[in-house]
Every structure is written in C-alpha cells, then in structure tokens.
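Below is one structure, written out as structure tokens, with a few remarks after it.
The values are calculated or read from the model by the stated rules, or taken from the named source; none is laboratory data. These numbers were taken from a predicted model, which means no experiment stands behind them. Here the Cβ positions follow ideal geometry from the backbone for every residue, glycine too, while neighbour counts run over all protein chains shown.
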Amino acid sequence: MNEMTELIAMIAGPYLFITGCGFLISQHFYMKMIEEADKSDPILINLSGATHFIVGLLILVKHFTWSSATEIIVTLIGCAATLKGALLIVAPALALKTDKPSLYKLYLSSTVFIGLGAILTYQAYGPLFGLTL
C-alpha cells in the first residue's frame, strides 16, 4: 500500500467506522436528520457541499489509484465525496431529496460504513501493531 493510501485510510477508516456506529446507536437522531434534511439552513447545505467537494478533490488529486482493494476503496471515497459536494452545490434540492427514510436503509448504510471503516482501519493501522492478513 502506498503512503497516500495509508494516510487517507488512517483518516477515513476510523471516520467511517464511527459514523456507522453512530447510525446504529443514535438511530432516532439520524432518522430525524434524514427526514428534515430539506429544512436545513441553506448556508449549512452549501458549506457541507463545499467541504465534501474539497475533501473529495483532495483525495482524487493525490490519490487516483486502482491497484489494490484498499486503493480502490480510497479512490471511490474520493469520487463519492466529490460527487456529493458537487450535487449539494449545484442542485441542493435534488441532493437532499430522499425517499421516505427507513430503518432498513439506515442499517444498510451502517453496515457499509462499519465494514469499509473496519477494512481501511485494519489496513492502515494493522501493520503498526504487527497485524497482517
């Protein structure tokens, strides 16, 4: 794994893992957040878009690599963040439009976030503790 992949995995892995846990532990909060997303302050939506867009582009400018599973995950995170940011800036109403939220979708999101977070965290921090596959 190259240095940039490792650095991004060290940051994105724990973030995704903790966020996925948050979806499970604070279900009511996240369900309410999804339900009321279209009522959010427009300035905060724009700032969220800018943050997603900048973080996504930073990843893609420094890391557009498709050689290993970890590199692919990191690059896809960059693509997803850039796309989400662009949508929040260009078409916020479309980006915030969601189907009726469901616990199933929240559990699915949680599972994906926890899984990807665990993989990236293990790949990034495992070698520091002598853990390898």
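Figures for the structure shown
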item	result
Subset of segment 56-82 (residues that are β-branched (Val, Ile, Thr), in contact with a His (Cβ under 8 Å, 6 or more places away or on another chain) and more than 18 Å from Ile119 (Cα to Cα))	Thr82
Selected residue (criterion: surrounded by the most Cβ atoms within 10 Å (Cβ to Cβ)) from residues of segment 104-133 that are assigned to a helix (DSSP H, G or I) and modelled with pLDDT under 90	Pro127
Matching residues in segment 56-72 - criterion: being without any contact (Cβ under 8 Å) to a residue 12 or more places away in the chain and not aliphatic (A, V, I, L, M)	Trp66, Ser67
Scan of segment 29-45 for residues that are loosely packed, with under 14 Cβ neighbours inside 10 Å and either at pLDDT 95 or above or within 16 Å of Ala95 (Cα to Cα) (or both), ordered by number	Phe29, Met33, Glu35, Glu36, Asp38, Lys39, Ser40, Asp41, Pro42, Ile43, Leu44
Single unsatisfied condition, Thr51 versus (1) of a type in the set (Val, Ile, Thr); (2) outside any helix (DSSP H, G or I); (3) under 19 Å from Tyr15 (Cα atoms)	(2)
Pairs where the first residue, in segment 29-55, is under 17 Å from Asp99 (Cα atoms) and the second is modelled with pLDDT under 95 and exposed (fewer than 13 other Cβ atoms within 10 Å of the Cβ), C-beta under 7 Å, 6+ apart	Ile34/Thr98; Ala37/Thr98
All positions within segment 1-21 that are surrounded by fewer than 20 Cβ atoms within 10 Å (Cβ to Cβ), of a type in the set (S, T, N, Q) and more than 12 Å from the chain's Cα centre (by Cα)	Asn2
Residue check for Ala12: free of Cβ contacts under 8 Å to residues at least 40 places away in the same chain, closer than 17 Å to Lys84 by Cα and in a helix (DSSP H, G or I)	no
Residues that are surrounded by 11 or more Cβ atoms within 10 Å (Cβ to Cβ) and of a type in the set (A, V, I, L, M, F, W, C), drawn from segment 92-102	Ala95, Leu96
Matching residues, segment 15-28, being free of Cβ contacts under 8 Å to residues at least 60 places away in the same chain and touching a Ser or Thr at 6+ places or on another chain (Cβ under 7 Å)	none
Residue in segment 63-76 that is β-branched (Val, Ile, Thr), loosely packed, with under 15 Cβ neighbours inside 10 Å and in a helix (DSSP H, G or I) present	yes
